[in-house]
Amino acid sequence: MWPLVSRSTEPRVAGLERDRRERVGDHGGVDERYRGFPDGFFERTDPSPDARFYAPPRLVTHIDEGAVAAVGALYDELGLSGDVLDLCSSWVSHFRVAPDRLVVLGMNPVELDRNPQAAARVVHDLNRDPQVPFADASFDAATCCVSVDYLVHPIEVFDEVARVLRPHAPFACTFSNRCFPTKAIRGWLATDDESHLVIVRDYFHRSNGWGDVVAERRTPPNHTGDPLFAVWAERDGVSIADRVAPT
């Protein structure tokens with residue numbers, strides 16, 4: 001079994017602003033929206049293909065029961081229903097009540113096949129290809145649970161989520177302080193929980209198609225188990241066609 005570690009034992013940096021000079025990081029030559037992230041921010045200790053790492057099925061939950069309950073409570077609060085896309089999914093999606101149609105996208109076919117709430121399953125590596133294989137405006141909501149810290153092209157992925165969501169549909173990202181350290185991006189490992197909220201909020205702000213962003217801790221401050229944090233926003237009401245500049 002690959003280890004999950006708590007980032008409470010990792011060195012913490014008090015915020016990102018000290019490192020946010022006018023430098024272009026890893027993606028600078030490709031997408032100017034990555035300007036300001038430090039060099040190496042999106043690198044990982046293990047740069048080998050993710051398909052190799054995620055090949056062994058892991059039929060376990062990666063956060064404890066209290067954090068899982070907080071995920072389900074958030075989904076209820078946001079009213080996630082209808083056609084829902086669960087990104088970086090596995091054998092459990094943490095909905096208290098399954099949406100009408102849940103599409104799970106992840107890396108391991110065995111795990112996805114075991115997901116009892118899924119109506120459709122797609123094996124897809126977002127780090128190899130951040131474009132998701134769905135038509136525009138296909139979903140009423142999207143989720144990404146304890147996996148945003150593994151994305152090496154997060155802005156492109158967030159662009160794609162906005163593309164496949166219908167107007168005003170929410171996208172909820174939840175995370176804790178646990179991870180596979182060799183596959184999480186270096187910028188995540190070097191920063192603390194509050195900075196993780198800033199990072200994911202920044203992904204929304206730098207990508208296209210989002211309204212106001214909410215970022216908060218979802219477990220109480222005195223919670224003794226795994227903490228649960230969430231950042232979410234609604235897709236704005238501008239249609240895909242209206243985004244295309246006239247020629």
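The values are calculated or read from the model by the stated rules, or taken from the named source; none is laboratory data. The shown structure was predicted, so the numbers you read here are calculated from the model rather than taken from an experiment. Virtual Cβ from ideal backbone geometry, glycine too; neighbours counted across all protein chains shown.
Overview of results
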item	result
Test: D149 is of a type in the set (D, E, K, R), under 16 Å from the mean Cα position of the chain (by Cα) and closer than 20 Å to F204 by Cβ	yes
Whichever residue in the stretch 204-224 is without any contact (Cβ under 8 Å) to a residue 24 or more places away in the chain and either of a type in the set (V, I, T) or in a loop (DSSP other than H, G, I, E, B) (or both) and, among such residues, is nearest to R166 (Cα to Cα)	V213
Single condition D242 does not satisfy, out of (1) at pLDDT below 90; (2) over 19 Å from A67 (Cβ atoms); (3) not in a helix (DSSP H, G or I)	(3)
Residue in the stretch 74-104 that is modelled with the lowest pLDDT, counting only those that are of a type in the set (V, I, T) and within 16 Å of the chain's Cα centre (by Cα)	V92
Residue check, A98 part of a helix (DSSP H, G or I) and closer than 26 Å to G225 by Cα	no
Checklist (1) touching a helix residue (DSSP H, G or I) at 6+ places or on another chain (Cβ under 7 Å); (2) within 13 Å of D86 (Cα to Cα) applied to D149, failing item	(2)
Some residue of the stretch 46-59 being more than 28 Å from R114 (Cα to Cα) and either surrounded by 18 or more Cβ atoms within 10 Å (Cβ to Cβ) or at pLDDT 90 or above (or both)	no
Identity of the residue in the stretch 78-94, of a type outside the set (V, I, T) and in contact with a Lys or Arg (Cβ under 9 Å, 6 or more places away or on another chain), that ends up surrounded by the fewest Cβ atoms within 10 Å (Cβ to Cβ)	G82
Answer residue from the stretch 217-235, given it is at pLDDT below 95 and among the β-branched types (V, I, T) and is surrounded by the most Cβ atoms within 10 Å (Cβ to Cβ) among those	T219
Condition broken by V24, with the remaining ones in (1) at pLDDT 75 or above; (2) more than 29 Å from H223 (Cβ to Cβ); (3) among the aliphatic types (A, V, I, L, M) satisfied	(1)
Residue match in the stretch 117-126 (condition: more than 14 Å from the chain's Cα centre (by Cα), of a type outside the set (S, T, Y), within 21 Å of G79 (Cβ to Cβ) and surrounded by fewer than 19 Cβ atoms within 10 Å (Cβ to Cβ))	yes
In the stretch 181-203, the residues that are in a loop (DSSP other than H, G, I, E, B) and either surrounded by fewer than 21 Cβ atoms within 10 Å (Cβ to Cβ) or touching a Leu at 6+ places or on another chain (Cβ under 8 Å) (or both)	P181, T182, K183, I185, A190, T191, D192
2 or more residues touching a residue at least 60 places away in the same chain (Cβ under 8 Å): qualifying strands (runs of 3 or more DSSP E) within the stretch 120-180	141-145, 170-175
Sole residue being out of contact with any strand residue (DSSP E or B) (no Cβ under 7 Å at 6 or more places or on another chain), in contact (Cβ under 8 Å) with a residue 24 or more places away in the chain, more than 24 Å from E160 (Cα to Cα) and surrounded by fewer than 17 Cβ atoms within 10 Å (Cβ to Cβ), chosen from V97, V110, V68	V110
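Conditions tested, residue by residue: (1) among the aliphatic types (A, V, I, L, M); (2) at positive phi; (3) out of contact with any Lys or Arg (no Cβ under 9 Å at 6 or more places or on another chain).
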| site | (1), (2), (3) |
| --- | --- |
| V103 | yes, no, no |
| P109 | no, no, no |
| P116 | no, no, yes |
| V122 | yes, no, yes |
| C144 | no, no, yes |
| I155 | yes, no, no |
| E160 | no, no, yes |
| L165 | yes, no, no |
| S195 | no, no, no |
